[in-house]
Amino acid sequence: MFTKRNEPDLDGNPGLQDNLRDAMRDVGGQVLLFGDTGVGKSSLVKYAAEDEERGTLIVECLSNHSYEDLVETAVRKVVEVREVSRTRRGTVESEAEVSGGMPFLMTLRGRLKAGAERGSEFEVVAQSPLDVLLKAMHESKQSLWVLDNFQNIVDPGTRQLVAQTMELMSDRATETGDIKTVVIGIAEDAVSLIGGSGSYRRRTSEIGVPRMPDDEVREIFTTGFNLLGLMAATDILNLLVFYSDGFPYFAHLLGLNVARAARRQAQTHIDANLVEAASKQAVRAVSTVFDAKIAKAVEAGGDVQPRRRILHILASSDQRAWKASDLITDWEKELGDKRERYEFLHVALAQLVSDKHGAVLRRSGTRNKYVYQFADPQMRPYLRLRSI
Ligand SMILES: Nc1ncnc2c1ncn2[C@@H]1O[C@H](COP(=O)(O)OP(=O)(O)OP(=O)(O)O)[C@@H](O)[C@H]1O
Ligand SMILES: [Mg+2]
C-alpha cells in the first residue's frame, strides 16, 4: 500500500524517493531526513532500505538516551546481551584502541541473535561504542543504524557524538562495507536537528520530506479502496484528500475508518454519510491534545467570534502561512463583511498565539510583517475533520 513519492524534497530537488535511494547507494555517504510529524519520514526509510536490501537497526530515540544508550539499544537488537560495562576512556590502559575521541569504552558479551553465525559468541572488550556497534552490525549483516525521532535527543553532547559517528562511518566506509547512520527527526531543517558544527555535513545527504502532494494522497485512498472492493466517486475522494491535508497519516486514519463504517453498514459504495461517520471516528482518535487547545482558543459565545472565524478561514485556506492582510482579504470574501478598522483581527491573531488561548498559531517575522502558521501542522487536518 506504499505510494511512491515523486515530488521534490523541501529544498526543491525533484524525485524525493529517488534521492533517498541515491543517498543510500552513495558509498560513505550518511543520511539525514527531516520534516513535519506524520509526513512519512520513517516509512520512506523503511521502504528505501527494503528496496536496497539493507538490514536496519532502528532505534527510537528517547530524551533520556545517552550516546552509549543509542549504541547499546541497537546492539541489543541483534545480540542477546549477557554483560555490559562502560568505562571512562581515561581510566583504561592506553594501548586500548580508541577511535575518534569517543569519551567512553564499552565491554559487551553475549550471543548473536541474527546474522551469519546465529547463536555464536559475541564479545568486545574495552572498545569505543562505535567499534562495538560496527562489529555487531557487521556480524549480524545489518548496514543501517537508524536513529528515529532524533528531535527527542536534546543534549548537545549526544548530538555531537552522533555527528562525529557519521563522520567516522564515512571515513571507514570501505572497511565496513558501507555501514551508515540514518538520522530521522521532526525539524524544519538539518541544522536544528543535529546542529551545524563539524564537517559531518559534507558527507551527509540532507533530505527534507514535504507534505504529500494531493495526487499521491489520492493514490493511498484509491489503492486501499480497490484492495477492499470499495468504490468512491470523485467528489468523495476529493473530500477525503482535502481532509488529509498532505498527511499520509490522516489518509490512513480516514481510510481505515471509512472502510470500517462501510463494513458496518454493509455498503460497497462510499457516500457522504459514510465519510461523515468516519471523520467523527478519526477526530476521536486524534482529539486528546487538540481538543483542549481548541477549547481554549475559540470563544464560548458572542456574535462575531473572531478567533473561531479565523480558525475556520485558515482551515479552509490552501495556503500554509498567512499575513494579517491575507486574513483580512479572506474575512471580507468569506463573510461579505467589510470594515473600516481591523484591530480586532490583529488582537484575535495575537491571542491565538498565546498560551492562554491554546497557542494554536505560531508567529514569525517582525512587527507589521508577522507571518502566522499553525503551531502544530496537524492541527489543520484536525480542524477540517471537525469542520470548525
Ligand atoms: N508513501 C506512503 N504511502 C502510503 N502510506 C504512507 C506513506 N508514507 C507514510 N504513510 C503512512 O502514513 C503514516 C505516517 O507515516 P510515518 O510514520 O512514516 O510518518 P513520520 O513522518 O515518520 O511521522 P512521525 O514524525 O510522527 O514519526 C503511517 O501510517 C504510514 O503507513
Ligand atoms: Mg516517524
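We did not get these values from a lab; they are worked out from the coordinates using the rules stated. All figures in this text were calculated on a predicted structure; none of them were measured in a lab. No Cβ is skipped: glycine too gets one built from the backbone with ideal geometry, and neighbour counts run over all protein chains shown.
Of all aspartates and glutamates in the structure, those lying under 18 Å Cα to Cα from K280, and not within fewer than 8 positions of it along the same chain, are D245, D271, D291.
Label reach from Q265 (point 7 Å along Cα→C-beta): in region 272-305, amide nitrogens under 14 Å belong to 272-281.
Taking only alpha carbon atoms, the chain gives an Rg to Rh ratio of 1.05, where Rh is the Kirkwood radius.
Note on the chain: GNM, Cα springs under 10 Å; of R88, R211, R159, the largest mean-square fluctuation is that of R88. Taking the helices alone, the chain has a mean residue ellipticity at 222 nm of -14500 deg cm²/dmol, built from -39,500 (n - 2.57) per DSSP H run of at least 4 residues and averaged over all its residues. Taking Lys and Arg as +1 and Asp and Glu as -1, the other residues whose beta-carbon sits under 15 Å from that of E121 total +1. Using a Gaussian network model of the chain whose springs link C-alpha atoms within less than 10 Å, name the residue from V304, V59, V241 with the highest mean-square fluctuation. Among V304, V59, V241, the largest mean-square fluctuation in the Gaussian network model of the chain belongs to V304. Under the criterion of Cα pairs below 8 Å and six or more residues apart, the relative contact order for the chain equals 17 percent. Listed cross-link partners K41/K180; K41/K323; K77/K141; K4/K77; K77/K135 are compared with a 22 Å cut-off, the Cα-Cα value being larger for K41/K323; K4/K77. Between the Cα long axis of helix 324-335 and the first principal axis of the chain there is an angle of about 40°, rounded to the nearest 10.
First check a/c for region 35-183, with a ≥ b ≥ c the square roots of the eigenvalues of its C-alpha gyration tensor; if it is under 1.5, answer rounded, and if not, answer prolate when a/b is larger than b/c or oblate otherwise. Cα axes put region 35-183 in the oblate bin. Note on the chain: GNM, Cα springs under 10 Å; of A74, A277, A49, the largest mean-square fluctuation is that of A277. Relative to the longest principal axis of the Cα atoms of the chain, the long axis of helix 41-51 lies at roughly 50 degrees. Decide, for region 215-288, between rounded, prolate and oblate: order the square roots of the alpha carbon gyration tensor eigenvalues as a ≥ b ≥ c, take rounded if a/c falls under 1.5, and otherwise choose prolate if a/b is larger than b/c, else oblate. Here region 215-288 falls in the oblate category.
Mind running the shape call on region 258-388? Use the C-alpha gyration tensor, a ≥ b ≥ c as the square roots of the eigenvalues: rounded below 1.5 for a/c, prolate if a/b tops b/c, oblate otherwise. Because a/c hits 1.5 or more and a/b exceeds b/c, region 258-388 counts as prolate. Summing charges over all other residues whose Cβ lies under 12 Å from the Cβ of S316, with Lys and Arg as +1 and Asp and Glu as -1, gives 0. Only bridges whose two residues both fall in the chain count here: according to DSSP, what percent of them are antiparallel, nearest 5? Here the share of antiparallel DSSP bridges comes out near 45 percent. Axis angle, to the nearest 10 degrees, between helix 214-227 and the longest C-alpha principal axis of the chain: 80 degrees. The mean sequence distance of close C-alpha pairs (under 8 Å, at least 6 residues apart), as a share of the length of region 171-320, puts its relative contact order at 15 percent.
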